[in-house]
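Enquirer: Before I ask anything, let me first share the structure, which is written out below as structure tokens.
Nothing in this text is a laboratory measurement; each read-out follows from the coordinates by a stated rule. What you see is a predicted model; the values in this text were computed from it and never measured. Don't worry about glycine lacking a Cβ; one is built from the backbone with ideal geometry, like all the others, and counts go over all protein chains shown.
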Amino acid sequence: MSPKISHHIPPEVIAAYAAGSLGQAYALVVAAHVSMCDTCRAELAAHEAAGGVVLEEIGEATLSDGMLHRLMGALDAPKPQERAPAARHGIYPGPVMEALKGATPRWKSVGGGVKQCLIGGDAQGASRLLLIPPGQAVPDHGHNGLELTLVLQGGFSDDAGHFDVGDVEVANAGLDHVPTADPGPPCIVVAATDAPLKFNTFLPRLLQPLFGI
Amino acid sequence: MLSVVDTLAPEPRMAPRACVRSELAVTPDIKTAPALSEQTVWMLAIRDQRDKAAFKRLFDYYGPRLKGFVMRTGAPAAQAEDIVQDVLLTVWRKAHLFDPSRAQVSSWIYQIARNRQIDIIRKEARPVPEALKAEDEADDEADAGQALAIEQETEKLRRALAKLAPAQRDMIERAYLGELTHTEIRDATGLPLGTIKSRIRLGLERLRHELKDLRQE
């Protein structure tokens, strides 16, 4: 299972995921990382235990008459058909495959050999797969808010350190970093940012913020 | 995975929360051993026997709490009841996934409630981590010990929450109701999660070890 992981999701981001307050794009990266990392799986379970305690202690509200009857009556109804969640496929963890609807990524070139595949997003953010050729440096990019980048294949380095498969780089607003992909196989990451920016292939490369592509 | 009821609680529906059963007092070792909470015993009876009487008890206990919880997030009473109904029906249908060596009942229902609430209110499916496969060959005795340990750790959390000053307790409640952003949560610590986390981690390591052994066979 897990590769050796040294960069994890911060506890407060896992807590926000457990509580359901984290946006969809970030939740995808958290779910993918937890699929690969038992340290963060335990962190998540601890927050869910705390959530369970809050659920039990927060106070009761009276249920309307007839609710129990309705519910007991529904127990024997046939279960609705549920599709099994997508399973891990190669380097792509289950939640990423789920976002890809079970298909392999359809890469689109964004210049400099870098390719991307948008896999989700809403008003609060966007998530995408990125493929960066070995040795390729990605131009400076600032961002407005939290950026989570999970390595699925290969690795990259920047001022913050070296990131291998399973590692997550957490970049907050204002951090300028120049990730450079390791030699070897192309680096593939899944990244979440707070703004679903549009990529314009006619912009000069220096104006293409990596994760806002 | 075999039922923990078989090994630890021979009289499932009679066992109250963390009780010491007096009829076992002749055996000193067992006398001091805590039993599983009644919520866990109900849930195991639902999982293993599809026990509707146990489900009714679970409903009586969690139904009003779930409604209180969902209404605190701002849902009107009628919608809150729809969500409660949906959550408890999911509990019944997915009972086979309940594993007390991995999560206490309240924690498991909390997860389901968050997922269902996001699915229903935001109309989007929350991405969830890959499930770990529970293996039939798992070590049941160790699982039972792990289930008890998780219950004890959860009890510690409950006591810690009760001891907090009202303002701090309110922050914790708001965090787990989903009302705080991750940056707000960063500043709102208060519950000691370290010990339950290391206990869960131990359980995961054991599970990984078992899965590895199975693969090598």
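Enquirer: Loop only per DSSP, at most 15 neighbouring Cβ atoms within 10 Å: give me the trypsin sites (Lys or Arg not before Pro) in the stretch A:32-123, ordered by residue number.
Expert: A:Arg83, A:Arg88, A:Lys101, A:Arg106
Enquirer: Taking amide H positions as placed 1.01 Å from N in the peptide plane, with prolines and chain starts having none, which residues 5 or more places from A:Gly120, or on another chain, fall under 5 Å of its amide H?
Expert: A:Ser127
Enquirer: Past 23 Å, Cα to Cα: identify those pairs from A:Lys101/B:Lys212; A:Lys4/B:Lys133; B:Lys133/B:Lys197; B:Lys56/B:Lys133; B:Lys67/B:Lys197; A:Lys4/B:Lys156, in the order given.
Expert: Over 23 Å apart, Cα to Cα: A:Lys101/B:Lys212; B:Lys56/B:Lys133; B:Lys67/B:Lys197; A:Lys4/B:Lys156.
Enquirer: Compute the Cα gyration tensor for the stretch B:69-217, then decide on rounded, prolate or oblate, letting a ≥ b ≥ c be the square roots of its eigenvalues: rounded whenever a/c is under 1.5, prolate when a/b is larger than b/c in the other cases, and oblate in all that remain.
Expert: oblate
Enquirer: Using Cβ contacts closer than 10 Å as the measure, can you line up A:Met36, A:Met67 from fewest to most?
Expert: A:Met67, A:Met36
Enquirer: Let me ask another. Which net charge results when you count Lys and Arg as +1 and Asp and Glu as -1 among the other residues whose beta-carbon is under 13 Å from that of A:Ile9?
Expert: In short, -4.
Enquirer: Just to confirm a number: summing +1 for Lys and Arg and -1 for Asp and Glu over residues other than A:Met72 whose beta-carbon lies under 13 angstrom from that of A:Met72, what do you get?
Expert: +2
Enquirer: Follow-up. Classify the stretch A:57-142 from the C-alpha gyration tensor, please: rounded if a/c falls under 1.5, else prolate or oblate depending on whether a/b exceeds b/c.
Expert: prolate
Enquirer: Rounded if a/c is under 1.5, else prolate if a/b beats b/c, else oblate: with a ≥ b ≥ c from the C-alpha gyration tensor eigenvalues square-rooted, which is the stretch B:114-174?
Expert: The shape class here is oblate.
Enquirer: While we're looking at this one, here's another question. Post the alpha-carbon centroid distance, the stretch B:41-80 to the stretch B:166-217, in whole angstrom.
Expert: 23
Enquirer: At a Cα cut-off below 19 Å, give the lysines reachable from A:Lys108, other chains included and same-chain residues fewer than 8 away excluded.
Expert: Result set, ordered by chain and number: A:Lys198.
Enquirer: Another question, if that's okay. Can you give me the C-alpha center-to-center distance between the stretch B:94-132 and the stretch A:65-129, rounded to a whole angstrom?
Expert: The distance from the Cα centre of the stretch B:94-132 to that of the stretch A:65-129 comes to 15 Å.
Enquirer: Further question on the same structure: Within the stretch B:117-217, which trypsin sites (Lys or Arg not before Pro) sit in a loop by DSSP and count at most 16 neighbouring Cβ atoms inside 10 Å?
Expert: Within the stretch B:117-217, the qualifying trypsin sites (Lys or Arg not before Pro) (loop, at most 16 other Cβ atoms within 10 Å) are B:Arg122, B:Lys123, B:Lys133.
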